[in-house]
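This report refers to the structure that appears directly beneath it.
The values are calculated or read from the model by the stated rules, or taken from the named source; none is laboratory data. No experiment lies behind these values; they were computed from the predicted model shown. Cβ coordinates were reconstructed from backbone atoms using ideal geometry, including for glycine residues, and neighbour counts include every protein chain displayed. For the accessible areas, the whole protein counts, side chains as well, though only heavy atoms, and no ligand, DNA or RNA atoms are used. Shrake-Rupley method; radii C 1.70, N 1.55, O 1.52, S 1.80 Å.
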Amino acid sequence: MKIRLNSNQQVVDTVKAGLEKTGGYCPCRRERTEEFKCMCKEFREQIKDPDFEGYCHCMLYYKEK
Ligand code: SF4
């Protein structure tokens with residue numbers, strides 16, 4: 001299992017700029033709760049799931065099996 005950044009640097013820069021603006025909350029969501037602090041709960045659960053391979057919701061990270 002490996003977590004890596006999206007290989008598209010433009011996506012990484014855009015999402016990181018969004019995270020800076022929100023103070024670390026997921027820039028792709030409106031809620032500003034603990035659940036949506038990067039890495040958000042959804043992605044942490046996807047990391048734990050041995051069958052999941054793919055991007056987080058914002059496409060900042062990619063999980064390889
Ligand atoms: S892990 Fe991805 S989807 Fe989750 S908060 Fe961070 S950038 Fe957004």
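Mind listing just one residue for me: the one in the range 1-14 that is part of a helix (DSSP H, G or I) and out of contact with any strand residue (DSSP E or B) (no Cβ under 6 Å at 6 or more places or on another chain) and, of those, nearest to LEU60 (Cα to Cα)?
Going through the qualifying residues, I end up with VAL11.
Take the residues of the range 49-58 that are assigned to a loop (DSSP other than H, G, I, E, B) and near the ligand (Cβ under 10 Å from one of its atoms): which is surrounded by the fewest Cβ atoms within 10 Å (Cβ to Cβ)?
It comes out as HIS57.
Among the conditions (1) over 9 Å from the mean Cα position of the chain (by Cα); (2) modelled with pLDDT of 95 or more, HIS57 misses just one, which is (1). No other residue among GLN46, GLN10 is out of contact with any helix residue (DSSP H, G or I) (no Cβ under 9 Å at 6 or more places or on another chain) and loosely packed, with under 10 Cβ neighbours inside 10 Å apart from GLN10.
Is there a residue in the range 15-34 that is of a type in the set (S, T, N, Q), open to solvent by less than 70 Å² (accessible area, probe 1.4 Å) and part of a loop (DSSP other than H, G, I, E, B)? Among the residues of the range 15-34, at least one is of a type in the set (S, T, N, Q), open to solvent by less than 70 Å² (accessible area, probe 1.4 Å) and part of a loop (DSSP other than H, G, I, E, B), which makes the answer yes. Which of the numbered conditions does GLU31 fail, given that it passes all the others? Conditions: (1) within 12 Å of the ligand (Cβ to nearest atom); (2) touching a residue at least 12 places away in the same chain (Cβ under 8 Å). With respect to (1) within 12 Å of the ligand (Cβ to nearest atom); (2) touching a residue at least 12 places away in the same chain (Cβ under 8 Å), GLU31 is out only on (2).
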